[in-house]
Amino acid sequence: MGKKIVVLLLVFGYSYAYAQTDSAVNQSLVKSITNERYNALIKGLDLDNMAAVAELNHYPMPDKVLKYKKQLDLSPAQSSKITAINTELHRKRVEMGGNIITNEKKLDDLFKTRKVDEGIIIFYTNRYGLYQGEIRNAILQACYKTEELLSEGQIKQLETLENHK
């Protein structure tokens with residue numbers, strides 16, 4: 001009897017722990033978008049490293065600068081402006097992520113109901129490209145604007161901090 005209770009408690013505990021971690025992940029509403037990508041799109045995360053060209057050329061992401069604002073000795077004005085840049089970037093990424101999800105859902109519905117033709121496919125795939133371009137533009141603009149607010153020494157310090165994390 002005691003072993004059964006222990007086993008039941010272990011099973012219940014595992015199920016509860018799994019449910020807790022799983023609840024943080026939203027299930028994709030579109031079968032062609034993985035749960036990971038779906039969650040990234042609705043949360044405004046970048047799975048594609050769209051900032052690479054900027055960061056490799058010393059134009060930092062605003063969120064990385066804000067992460068080290070004390071070590072970089074950001075002035076209140078710098079901090080305020082970079083926070084505004086970061087907030088707008090996040091808003092844009094969430095907005096475009098929602099558009100991508102809606103667009104993909106529409107494509108799925110059109111294929112499912114067999115209402116596609118060449119023109120419809122061209123239209124929706126080009127829209128997808130526009131949304132991706134909007135996200136990339138927002139990211140690269142944010143990096144550009146952030147770099148303009150930092151001194152050369154702050155950028156070097158940030159890169160040192162990022163390399164030693």
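Quick rundown of the values:
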quantity: In segment 26-46, residue farthest from residue 91 (Cα to Cα) [restricted to those that are in a helix (DSSP H, G or I) and of a type in the set (A, V, I, L, M)]; calculated: 40
quantity: In segment 31-45, the residues that are crowded, with 17+ Cβ neighbours inside 10 Å and at pLDDT below 95; calculated: none
quantity: Every residue from segment 53-85 that is surrounded by fewer than 18 Cβ atoms within 10 Å (Cβ to Cβ), aliphatic (A, V, I, L, M) and outside any helix (DSSP H, G or I); calculated: 56
quantity: Residue 138 closer than 30 Å to residue 152 by Cβ, in a helix (DSSP H, G or I) and within 16 Å of the chain's Cα centre (by Cα); calculated: yes
quantity: Which listed residue, of 97, 129, is surrounded by 12 or more Cβ atoms within 10 Å (Cβ to Cβ), in a helix (DSSP H, G or I) and of a type in the set (Gly, Ala, Ser); calculated: 97
quantity: Long-range neighbours under 8 Å by Cβ, at least six apart or interchain, first residue within 30 Å of residue 32 (Cβ to Cβ) and free of Cβ contacts under 8 Å to residues at least 24 places away in the same chain within segment 76-103, second among the hydrophobic types (A, V, I, L, M, F, W, C) and outside any helix (DSSP H, G or I); calculated: none
quantity: Residue in segment 147-157 that is assigned to a helix (DSSP H, G or I), within 26 Å of residue 90 (Cβ to Cβ), under 21 Å from the mean Cα position of the chain (by Cα) and not acidic (Asp, Glu) present; calculated: no
quantity: Test for residue 66: is it out of contact with any Cys (no Cβ under 9 Å at 6 or more places or on another chain) and touching a residue at least 24 places away in the same chain (Cβ under 8 Å); calculated: no
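The values are calculated or read from the model by the stated rules, or taken from the named source; none is laboratory data. What you are looking at is a predicted structure, and each value in this text was computed from that prediction instead of being measured. As a convention, Cβ positions derive from the backbone with ideal geometry for all residues, glycine included, and neighbour counts pool all protein chains shown.
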